[in-house]
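Presented below is the structure to which this report refers.
The values are calculated or read from the model by the stated rules, or taken from the named source; none is laboratory data. Since the model is a prediction, treat every value here as computed from it, not as a measurement. So basically every Cβ, Gly included, is an ideal-geometry build from the backbone, and we count neighbours across all protein chains shown. Please note that ligands, DNA and RNA were not included when accessible areas were found on the heavy atoms of the full protein model with its side chains. Shrake-Rupley method; radii C 1.70, N 1.55, O 1.52, S 1.80 Å.
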Amino acid sequence: MFALTAILVSCDKSEIDNEEPVTVLESTDYTGTLTVNASSGAFDTDSVKVSFNATQKADSASITLFQVKFSPRMPVSLDVTVPGITVTPTKKGAILTCDSIVPLAMGGEFPNYTVKGFEGEIIDDELIFSLNFGSTPTSYQGKAQ
């Protein structure tokens, strides 16, 4: 009986009480700054809307960037979707990763701009990520709307 009491007393209840639940992510829209490091130099686009769309299980997601240009000389703006992003929930949000995936735009795939090295996170109401669209380093930082 004494051994059982010692085991029960040795559990630190404060550790159990201090654990926070894992965040359950929902689809959210963000507005922020897109930075593209094109061969002609880096340029920022402010007020870029990005939609984070989690799957039902919230273990993966897609991110859609609305009306973006990857060069100041690009004649049109595109909506670009990056599917297949792995979502790992944390106490305050999630870690987002994807090694390599073909992005979608204008109703089809764009294999010449395969996304590589996608890394990002959601912390509270902020979305931050970086990736390469083909050979073009790109990053984003935005706040939930």
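Computed quantities for the displayed model
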{"quantity": "Accessible surface of the range 95-135 [probe 1.4 Å, protein heavy atoms]: carbon and sulfur percent", "calculated": "50"}
{"quantity": "Cβ crowding within 10 Å averaged over residues, with 86-92, 134-140 ranked highest first", "calculated": "134-140, 86-92"}
{"quantity": "Globularity index of the range 4-144, i.e. its alpha-carbon radius of gyration over 2.2 N^0.38 Å", "calculated": "1.32"}
{"quantity": "Entries of K49/K91; K57/K92; K116/K143; K69/K143; K91/K116; K69/K92 with Cα pairs more than 22 Å apart", "calculated": "K49/K91; K116/K143; K91/K116; K69/K92"}
